[in-house]
Amino acid sequence: MVRYLLFRLLRLLFALWLTASGVFLLSRSLPADIILQRLSVDEISATASSLQQQRIAEQRFRHRLGLDIPLFYFSLPTAATHQQWQWHGRRNQYHRWVQQLLHGNLGRSYRDGQPVTTLLAAALTYTLPLTTLAATMSVLLALWLATRLAVHHQIRLLALRLLYALDALPLFVLALLLLLLFANPDMLTWFPAYGLGEEAELVNTSVLERIGTLLYYLALPSISLILVNLPHLVIQLDAALQQERRTAYAATARAKGAPEKQVIQHHTLRNALLPSLAQLTDLLPALVAGAVVVEVIFALPGVGRLLAEAAATHDYPVIVGGVLLTALVRLLAQFLTDGLYLLADPRIRLRA
Amino acid sequence: MAIGWLCLLLVSAVAAPWLPLPFAPDQLNLSATMQPPGTDGHWLGTDPYGRDVLALLLFGARTALRLSLPAAILTTILGTLLGATAGFYRNRPLPIDSLVTGLMAVISSIPRLILVLALAAVQPPSINTLLMLFLCTYWIGPARLVRAEMLRTRELPFIEAARAAGIPAHRILIRHALPNTWQPALAVFPLSVASLIALETTLSFLGVGLPPEIASWGRLLAAFSIDPSAWWLLLYPAAILFITSLALRQLSK
């Protein structure tokens, strides 16, 4: 068991390193001029007047961002510059990046010069409540709904069909529809359309009131996240429950005179949960990805919005940081699922 | 009905440039921005730049299909080939299976939206770049299915018979094993088209991937999020997306 977990961890770490390196190298393989053009036109032209000075300023800017040294350990022979194979040694951008990364330094944002770790940490304080709320709510709702559907057969087909239709809507369309219906002066204004409320209003309030305001503002974003993830969870769990209720042990339980509800809760649910647990591995990363869309729509200053803005403005250090963070979430989800497997199935516990 | 809708969508997308539309999709009219449906010949209203929503919808369908259909076809072919090769040869003579499964693990270790978002941001935006990105990230779906099917098929007696008859391995793979394994990839083809359309519109909505001058349903919906009182910018593209997605799902059943 431990060996298996270690192998899984190593493979995930390898995947993490490969993706992060890929994104890093791709982002830097664009000609540096494009990066410079986008970022520093104002800065350079503001300080320099003549062409000579401008070139010096540009050089200095490149040096500050570390763009003046070779990208990788070697450079490939290219037809355009008639270069041969060239070995650059440790003085290259990739080596420096990895070195900094191992020290926990993700670099600075191109846009405002703040450290990426600070930006991500600040954004996480908004994203974490949203995703945790959505994750727990969707799991609990899925459990509740699936067990209800197993008891009440008459509504089962209708509910499954509804969930099936709900699944056909992309997340951003769903979120926009909610926005149109529930946060619109022309329709219903039950919920705020964007943001997290005024900081100034919250200064003199109690903790409970703060949580209340937070929930009020997070209501629509988390509802859209829940609604988008619910169909998968419920359909899978429902299929597993349907399969389990035909088994011999369920029949035995029913023969003993246990009501259907009890058979489900005490007997079949635990077994039906096992295949659904694998879905949890995908749920957390899916929520992080969903947070990108939802945070953009509802203007929440979280990680997703940071990532989307970084992608739109080509802020590469932030993008690489965001990718690393998501992969880390995936890693955590993996371990959480493995732990839950141990909890749910004593057979696995005994083998381990 | 599902097929009928998809045919209608396909025909109107292909024929969009020759349809007798009252307005072109790139025709700006800053004096008639955000018109509700039915005013001044704009049947479905106009967007914040005064472009006709009907024309944008038709040309958006064109973009969505131009991107998702080739991407789905290519990913199905690529995934089938890779999955079949990996499942058939396993790790002899070359460690193809380990390589392919490892690559699948790497690609699926990060949510697809975030991966595509990050990669789209580091490349210059164009339809072809986006097509390449979809190709790189979407082949794992069919590959996984076909590989599992191939692992089952390669143990069946008729493959053994072919081996005993002395047919070379690559010929067995192409002539005997592959025709019996590619059905699952075909079955999920409509689903992958639906998911590609959803991804394309999401990316356009976020303003990443496609150049802004290309009409897309995602851009129309982005215009709605600027002004939430313009319901026509949400309702029409959302309905089309919804019906298309449902029809594609129905088709794969």
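Two decimals, Cα atoms only, Kirkwood Rh: what is Rg/Rh over the protein assembly as shown? Taking Rh as the inverse mean 1/r over Cα pairs, Rg/Rh reads 0.98. Here chain B is assigned +1 on the Cβ of each Lys and Arg and -1 on the Cβ of each Asp and Glu. Its dipole about the Cα centre then comes out at about 1160 debye. Across region B:158-253, Cα-Cα pairs more than 16 Å apart make up 68 percent of the total. Here the spin labels are modelled as points 7 Å beyond Cα on the Cα-Cβ line, and at B:ALA15 and A:ARG254 they lie 5.5 nm apart. Interface size, chains A and B: roughly 3400 Å² of accessible area buried, both sides included, 1.4 Å probe, rounded to the nearest 100.
When the Debye formula is applied to the Cα atoms of region B:78-139, each taken as the same point scatterer, what base-10 log of I(q)/I(0) results at q = 0.30 Å⁻¹? At q = 0.30 Å⁻¹ the computed log10 ratios are -1.19.
Segment A:THR118..A:LEU143, full-extension length gain: 5.3 nm, with 0.36 nm per residue of separation and the alpha-carbon distance subtracted.
Using R0 = 30 Å, the C-beta based FRET efficiency linking A:THR125 and A:ALA278 works out to 0.50. In percent, rounded to a whole number, the relative contact order of chain B is 25, using alpha-carbon pairs under 8 Å and six or more apart.
Taking label positions 7 Å along the Cα-Cβ direction at both A:GLN86 and B:ILE3, the computed distance is 6.1 nm, reported to one decimal. Over the protein assembly as shown, DSSP H runs of length four or greater, each weighted -39,500 (n - 2.57), average out per residue to a 222 nm ellipticity of -23000 deg cm²/dmol.
Our coupling estimate for region A:303-314, obtained by passing each phi through the Karplus curve with A = 6.51, B = -1.76, C = 1.60 and θ = phi - 60°, is 5, x, 5, 4, 5, 4, 5, 4, 5, 6, 10, 6 Hz, Gly and Pro reported as x. Relative to the current alpha-carbon distance between A:PHE7 and A:THR247, full extension at 0.36 nm per residue lengthens the span by 82.9 nm. If you take the beta carbon distance between B:ARG92 and A:ARG347 as r and set R0 to 41 Å, what does 1/(1 + (r/R0)^6) give as a FRET efficiency, to the nearest 0.05? Given R0 = 41 Å and the Cβ-Cβ separation, E is 0.75. At a 1.4 Å probe, what is the % contribution of carbon and sulfur to the accessible area of region B:1-75? Exposed carbon and sulfur together represent 70 percent of the surface.
Within region A:221-251, which residues have the backbone N less than 17 Å from the label spot 7 Å out from A:GLN262 along Cα→beta-carbon, could you tell me? Counting only backbone N, you get A:249-251.
Computing FRET efficiency as 1/(1 + (r/R0)^6) for A:LEU215 and A:ASN105, where r is the C-beta to C-beta distance and R0 is 41 Å, gives about 0.70. Remark: relative contact order (region B:1-122) = 16 percent; criterion is Cα-Cα distance under 8 angstrom and separation of 6 or more residues.
Axis of helix B:217-226 versus longest Cα principal axis of chain B: the two differ by about 50°, to the nearest ten degrees. Taken along its principal axes, the alpha carbon cloud of region A:234-324 reaches lengths of 65, 24, 15 Å, longest axis first. Taking every alpha-carbon pair in region A:218-260 and binning the separations at 10 Å intervals from zero gives 25, 29, 23, 17, 7 percent. Directionally averaged projected area (region B:94-226, Cα convex hull): 10.1 nm². In order along region A:225-231, the Karplus-derived 3J(HN,Hα) couplings, from 6.51 cos²θ - 1.76 cosθ + 1.60 at θ = phi - 60°, round to 5, 5, 4, 6, 8, 4, x Hz, and Gly and Pro are given as x. In chain B, the inverse of the mean reciprocal separation of distinct Cα atoms equals 20.2 Å; this is its Kirkwood hydrodynamic radius. Label sites at A:LEU181 and A:TYR164, each approximated as a point 7 angstrom past Cα along Cα to Cβ, lie 2.1 nm apart.
The values are calculated or read from the model by the stated rules, or taken from the named source; none is laboratory data. Owing to the predicted nature of the structure, the values given are computational and were not obtained by experimental measurement. FYI the Cβ positions are ideal-geometry reconstructions off the backbone, even for glycines, and counts take in every protein chain you see. Just the protein is used for accessible areas: all its heavy atoms, side chains included, with ligands, DNA and RNA removed. Shrake-Rupley method; radii C 1.70, N 1.55, O 1.52, S 1.80 Å.
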